[in-house]
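See structure below.
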């Protein structure tokens, strides 16, 4: 079976006055039709930049896609012109962002903003676009949608705006939705509403989802497969149960042990990971996690481990050491 | 001073912010009822968690408690000092004893000041050391206490990472040797791997220095980990307060139950098996809060009484407080 999206050796850099920022350092991954892939990592790990690169939404300059192949249904997106990309964004791949306050235009009504892409991409007239917009708003759970088309974004709460963003993303029935921390700005009860909504819509529409987040709790609830990123590299990739039950990369396992649990009594101090993520201004050599890693060996400091399979079902890690046995690869 | 008394006592604390209209002639047209009559105590050496969603008044409660905002009504005593009536020397003594750690380690440190100026400011304000040399020594001692090298004393905030900046904020709060610290979302701006560092630091400092914390947060998992007791706020009022395990294992208020059920668990099988109570709608405006119980428009159990009568804040079980007609 061919993948919906197949990314190989993608590299993105930013040329800044302070020097080159090595944001994404040759990552390869794929997304299958209808699957939900979660991309997890801390700020600056390259999770958003890599997905923005896929859609060529990186500002050039200072940004630069320094290499790689992004195959969407077999076609290389990096070779497409801006005009061809415009047709793909929205129609084939849609994206929603973290901050629903700033991603809507404050001086246009909600109706205007939703119908715009229906008219541009689908060639609908205003009347049928309005009708479709009402259906979409209804689908994302906005009550009395025909009246709310004339409202401006400031009249909507944060959770409602995120629903509007999702409705806009769905206008052209995309095959892939990229959601960049869509619930991070929201309260936990509203986050639960939005997650439930995305899961329901994904089943209805049958689209694939890439869900970018830093929250390992959210990932556990929605993902089929998980990709953990650190300093511009993928360090572990596995199906969701394998990742949580049997994390194989030292970073993933430390991260899971650093989390307190709402459903458990306190049984220990939290495990903390010493130090901080490395500066991206230095060209990486060796494993990026080496300085914070408790399993570090000499080889880690000089040679960057490549992503390789360690278990069944495509459980991949980039590490020279097997953290269960201590054996070296 | 009586050492068996709670360190902090809050009775009916209220903070309303006026809503003004008009440009030249301003008149008050309403009030944001950010905190609307909350009561609790904090024992010496204890950590009380104050949780709730954005806009529930938890930060306002923390600030009003320390007298950073003048309270509209209510009584706050910290170590037998009345915060609302204190002036001059007594206020200075309260400020020395009760400190605050802020949420955003980027915005709460003056970018033009060195670590030394930032951490020694409380020492200068309270005239705690006579000479500059003594102050430098104290700042270095404090930096050691929070896990920063004393060699970095003349650096500026931008030279530090987020976690290190929060350590500077902690050192500043500790400078005047306080008994009580209000931690206002001290870790929510930090990455997961750094959060654990700061939480462990706060716990170590509490053990070593016998500190009492009010820990304001929205991360319910972390609150369960760090707090001894937890209070839940909704729209300016208290919904429930109990020992941490009691609250998480036997929540009584329907809002607490829904809030806890919405927290994701980092375990796919457990998370997907959890029964979520999805609350409809959003938190209403604190300018014009709902009548009766403020939670009634979103509450799955609400009936006619809930929309009419304000529920009493009462003890439902030993040291388990709740405000709900249905309990």
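The values are calculated or read from the model by the stated rules, or taken from the named source; none is laboratory data. All values derive from a computational prediction rather than experimental measurement. Quick reminder, even Gly has a Cβ in these numbers, built from the backbone with ideal geometry, and neighbours come from all protein chains shown.
When you check residue B:300 against the structure, is it at pLDDT 90 or above, away from chain A (no Cβ under 14 Å) and not in a helix (DSSP H, G or I), yes or no?
no
Which residue out of A:233, A:306 is more than 14 Å from chain B (Cβ to nearest Cβ), under 20 Å from residue A:41 (Cβ atoms) and surrounded by 21 or more Cβ atoms within 10 Å (Cβ to Cβ)?
Within the list A:233, A:306, the selection yields A:233.
In region A:122-147, how many residues are surrounded by 16 or more Cβ atoms within 10 Å (Cβ to Cβ) and either within 25 Å of the chain's Cα centre (by Cα) or in a loop (DSSP other than H, G, I, E, B) (or both)?
Count: 7.
Could you list all residues from region A:203-214 that are touching a helix residue (DSSP H, G or I) at 6+ places or on another chain (Cβ under 9 Å) and either modelled with pLDDT under 90 or more than 19 Å from residue A:227 (Cβ to Cβ) (or both)?
Across region A:203-214, the qualifying residues are A:204, A:205.
I want to confirm something. Restricting to region B:303-315 and keeping residues that are in a helix (DSSP H, G or I) and over 27 Å from residue B:17 (Cα atoms), which single residue is farthest from the chain's Cα centre (by Cα)?
My answer is B:304.
Give, as residue ranges, the helices (runs of 4 or more DSSP H) completely inside region B:155-227 that count at least 1 residues that are within 13 Å of residue B:49 (Cβ to Cβ) and more than 8 Å from every other protein chain (Cβ to nearest Cβ).
Numbers: elements: B:162-174, B:192-209, B:220-226.
Here the list reads B:192-209, B:220-226.
Out of the residues in region A:204-230 that are within 14 Å of chain B (Cβ to nearest Cβ) and assigned to a helix (DSSP H, G or I), which is surrounded by the most Cβ atoms within 10 Å (Cβ to Cβ)?
A:219
For region A:240-261, how many residues are in contact (Cβ under 8 Å) with a residue 40 or more places away in the chain, at the interface with chain B (Cβ under 7 Å from one of its Cβ atoms) and either on the phi > 0 side of the Ramachandran plot or in a loop (DSSP other than H, G, I, E, B) (or both)?
Count: 1.
In region A:192-202, how many are within 14 Å of chain B (Cβ to nearest Cβ) and closer than 18 Å to residue A:240 by Cβ?
Number satisfying all stated conditions: 4.
Considering only residues that are crowded, with 18+ Cβ neighbours inside 10 Å and in contact with a strand residue (DSSP E or B) (Cβ under 7 Å, 6 or more places away or on another chain), which ones fall in region B:78-116?
Across region B:78-116, the qualifying residues are B:78, B:83, B:94, B:98, B:99, B:100, B:101, B:102, B:103.
Please verify whether region A:6-14 includes one or more residues that are within 13 Å of the chain's Cα centre (by Cα), in contact (Cβ under 8 Å) with a residue 24 or more places away in the chain, closer than 24 Å to residue A:206 by Cβ and crowded, with 19+ Cβ neighbours inside 10 Å.
no
For the subset of region B:251-268 comprising residues that are without any contact (Cβ under 8 Å) to a residue 40 or more places away in the chain and more than 7 Å from every other protein chain (Cβ to nearest Cβ), which member is surrounded by the most Cβ atoms within 10 Å (Cβ to Cβ)?
Applying the filter and picking the extreme gives B:256.
Report the residue count in region B:228-250 for those that are assigned to a helix (DSSP H, G or I) and more than 30 Å from residue B:287 (Cα to Cα).
5
One residue is enough: does region A:155-168 have a residue meeting the conditions assigned to a loop (DSSP other than H, G, I, E, B) and more than 14 Å from every other protein chain (Cβ to nearest Cβ)?
no
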